[in-house]
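All of the numbers you see were taken from the coordinates with simple rules; none came from a lab. This one's a predicted model, so the numbers in the text were calculated from it and none came from an experiment. As a convention, Cβ positions derive from the backbone with ideal geometry for all residues, glycine included, and neighbour counts pool all protein chains shown.
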Amino acid sequence: MYSTTTAWLALDSAGGPFAVGLVLAARMLPSLLFGLAAGTLADRVQRNRLLVGVSLTAVPLMLALSGLAGSGRIELWLLAALSFATGCVPVFDVPARQALVMDTVPRAVAANAMALNALAGRLCTALGALAAGALIPTLGVVSCYLLIAFTYAMAAALAGFVRPTASGVGRGGHPRPPFSTALSEAARLVFDLPAVRTLILAGAACEVFGFSFITAAPAFARDILDAGAGGLGTLNAAISVGGSLAVVIQSLIPGRIRREPLLGMVFVLYGASLLVLATTRELALAAAVLLVTGACAASFDLLQQTLIQLAVPEEQRGRAIGVWVFGIGSAPLGHLEMGSLVAAFGSPLALAGNGCVVLVAAAVLLARSPGYRWSAESSRLNSRREPWKSG
């Protein structure tokens, strides 16, 4: 709901497609600035308590956004500043949440648990996008932000009931180094572990040129599909529904099946779906294509989060996700790039150009990292070595 509401507010009241890119870039910038620190923090505190605090912090931010939307004068710099502050919430939420999922289950079913958690998130994202698309033209943007504030308060209440059953923070298994040392260890993961380095580089390329399609969605809905805020809600819901279906499938894949070749396939399909989306001119067809795009986005995220946690010792899970969050800190470049391209050339050409770049990045990954190819040869190659030594 937040993404749909804020993107529409930026497009309709703050300056058009470039404003959308700027606001979304501001929201992703905290990932780059605080990702490593957030992951380190998640390894040093009770993760469920951290989730409670983070959710409560979001409530006044949503109330401030509702006040800005209701003022009638939308200053782009203020919207971007509030978007930056709001972006700090998922930066500190995600490492604790993802590591907490791993804490609750045996390692053998960790990938399935991650998929189940992602399913819940994607389904709620779809409902939120549809709700925003319905509320904006009827009750206005202010009502959306008030509802978001309420759901954050509910999230804080629910997070307090989570009790990890597996080994995790505060279970006495590992001594805690000083924060500065732990932060340095988080940074070293990229240099010391080839699998982590491969995932971060592939993820950065996909983040900049793949996930930035979200920036083009508002202008695509309004100018190309002539569908307005309701159409944008439909498109965003399609993305989330596709993501939900993808994580359902992943949750059913046995743990013995390697995830690296799946990531390679998803990367290729992601780029191809953006090229097809650029050619669509009907809302129903665009929504159908975005089911695939959303499935690729969700799968890429989930596979990255799972593989990067499985590549490190369990006491470094939070830091591993912190490194992933740091990697997606490249997103502001993508949102600014996409916003500029949409403003200059229109959303179809912008989507087509980025789709081509995603395909090139996928080809580089498959060429340089045999473990990510879907072939019997790569399976035999990877079966002889541990996953954290591959890549």
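Annotations for the structure displayed:
- Charge context of V162, other residues only, Cβ under 10 angstrom, K/R +1, D/E -1: +3
- Cα gyration tensor shape of segment 207-252, rounded if a/c is under 1.5, else prolate or oblate by comparing a/b with b/c: oblate
- Stretch in the chain that is longest and holds no trypsin sites (Lys or Arg not before Pro) that DSSP places in a loop and that have at most 14 other beta carbons within 10 Å: 282-383
- Sorted by Cβ density within 10 Å, fewest first, the residues V247, V268, V360: V360, V268, V247
- Sparsely packed loop sites in segment 254-348 (the GluC sites (Glu not before Pro) outside DSSP H, G, I, E and B with at most 14 other Cβ atoms within 10 Å) comprise E282.
- Listed from fewest to most Cβ neighbours within 10 Å, the set M1, M265 follows the order M265, M1.
- Whole-Hz couplings from phi, Karplus 6.51/-1.76/1.60, listed for segment 309-323; x for Gly and Pro: 6, 6, 8, 10, x, 4, 6, 10, 4, x, 5, 4, 5, x, 5
- Counted charge near F300, where neighbours are those whose Cβ lies closer than 14 Å (Asp, Glu -1; Lys, Arg +1): -1
- Put in line by how crowded their Cβ is, counting other Cβ atoms within 10 Å and starting with the fewest, T86, T151, T181 read T181, T151, T86.
- Listed values (i) -0.45, -1.09; (ii) -0.29, -0.91; (iii) -0.35, -0.98, entry calculated as log10 I(q)/I(0) by the Debye sum over Cα atoms at q = 0.07, 0.12 Å⁻¹: (ii)
- Alpha-carbon centroids, segment 236-285 and segment 118-150: separation in whole Å: 23 Å
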